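**Student:** Here's a structure for you.
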Amino acid sequence: MGGGNLSFQVHPLTKYIQQHFGMQYTQDESYYVLDSKPGAKVYLGLKDGLERQVMARDLENAQTGGKPFPAEKYVNQFPPKSMNTS
């Protein structure tokens, strides 16, 4: 991505997709981080104890052109790990 951020995506479980959208599948994805700069982060999974209504408000606000969504407030962050294959 030329050193930029990847998009922020949510892929609900199949049962949720079926119940709420009538679809029979969800989308699974995998990413391999080959290189990263110091301070890079991988966002994965929602934090425990968050307030859903507040998060929904922040998502809606970002969607309509308000403040950017504060992902670090709601999503777990991890440093990317490199694997030495030699």
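**Student:** Counting helices only, and only those DSSP H runs with n ≥ 4, report the 222 nm mean residue ellipticity of the chain as the sum of -39,500 (n - 2.57) divided by its residues, in deg cm²/dmol to the nearest 500.
**Tutor:** For the chain, the value works out to -7500 deg cm²/dmol.
**Student:** Can you sort Val75, Val10, Val33, Val42 by 1.4 Å-probe accessible area, starting with the largest?
**Tutor:** Highest to lowest solvent-accessible surface, that is Val10, Val33, Val42, Val75.
**Student:** How much solvent-accessible surface does Phe78 expose, in Å² to the nearest 10, with a 1.4 Å probe and all protein chains in place?
**Tutor:** Probe radius 1.4 Å; accessible area of Phe78 about 100 Å².
**Student:** Same structure again: Checking the a/c ratio against 1.5 first, then a/b against b/c, what shape does the Cα gyration tensor give for region 1-48?
**Tutor:** Prolate is the answer for region 1-48, as a/c is 1.5 or above and a/b outweighs b/c.
**Student:** Restricting the calculation to Cα positions, tell me the Rg (one decimal) and the Dmax (whole number) of the chain in Å.
**Tutor:** 15.8, 48
**Student:** What are the residues whose amide H is under 5 Å from the amide H of Val42, where those residues sit 5 or more places off or on another chain and H is modelled from the backbone?
**Tutor:** Phe78
The values are calculated or read from the model by the stated rules, or taken from the named source; none is laboratory data. All figures in this text were calculated on a predicted structure; none of them were measured in a lab. Quick note on the areas: whole protein, heavy atoms, side chains included, nothing else; ligands and nucleic acids left out. Shrake-Rupley method; radii C 1.70, N 1.55, O 1.52, S 1.80 Å.
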